[in-house]
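First up is the structure itself, then whatever we jot down about it.
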Amino acid sequence: MKKISLKGKKLSERGKKAIVLTVMVALLVTVGVLNVNLDSFSKNDDTVVSTENSVTVFFDSHRASRTQARQEQISILDSIIASSSATAEAKQEAASKKLALCETIENELQLETLIKGKGFKEAAVVMSPNVLNILVTASKDTLTDSELAKIYDIVMTKTKYDLENVVVTPY
């Protein structure tokens, strides 16, 4: 089994895959923590803060965390692609994963823009292989059927997700 060098450390193919998987799991955990924090924050009636500012801070924080996690993933993939000791197969796999990640980033940003265009002040989209999570600003704790229809229309026309795999959460 060939070993490749990554910042002075030798990693096997299995090790590289473990690193990429670990980064993806960390991103998923980050999204989960943000979701839990969002849930507890939105249910806390004793907190007196400007709703507009807290919404902006939350969505900006989410975007910064997502961007940082994605940059780390791309950096790992770039190091595999640039490695002189990586096999052609490993480089091709890393390039494919990088391309898929770039497509995911582009699709998330496009969905966020389209959702905002339908009248939502803020939107955050996280795409995973099986589930599409959408977080949008809402004036109430729930979204109206009309608001959900606008979001689902965008999802159906711009993605291949089945509606049962789409989770829309109001903020």
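Peptide packing: for 76-85, 100-109, 118-127, the average count of neighbouring Cβ atoms within 10 Å per residue gives the ranking 118-127, 76-85, 100-109, highest mean first.
Sorted on the mean count of surrounding Cβ atoms within 10 Å across their residues, most packed first, peptides 130-136, 68-74 read 130-136, 68-74. Note on the stretch 65-136: with charges restricted to the Cβ of Lys and Arg (+1) and Asp and Glu (-1), its dipole about the Cα centre is near 220 debye.
Which FRET efficiency, nearest 0.05, do residue 158 and residue 95 yield, Cβ-Cβ r, R0 25 Å? Efficiency for this residue pair is about 0.50. The label point for residue 103 and the one for residue 87, both projected 7 Å from the Cα toward the Cβ, are 2.4 nm apart.
The stretch between residue 142 and residue 72 holds 21.7 nm of extra length on full extension. This uses 0.36 nm per residue minus the Cα-Cα distance.
Put a dot 7 Å past the Cα of residue 167, heading toward its Cβ, do the same for residue 53, and the two dots end up 3.1 nm apart.
Taken together, the values in this text are just the output of simple stated rules run on the coordinates, not laboratory data. The structure presented is a predicted model; accordingly, all values stated were derived computationally and were not measured. Here the Cβ is made from the backbone with ideal geometry for all residues, glycine too, and neighbour counts use every protein chain on show.
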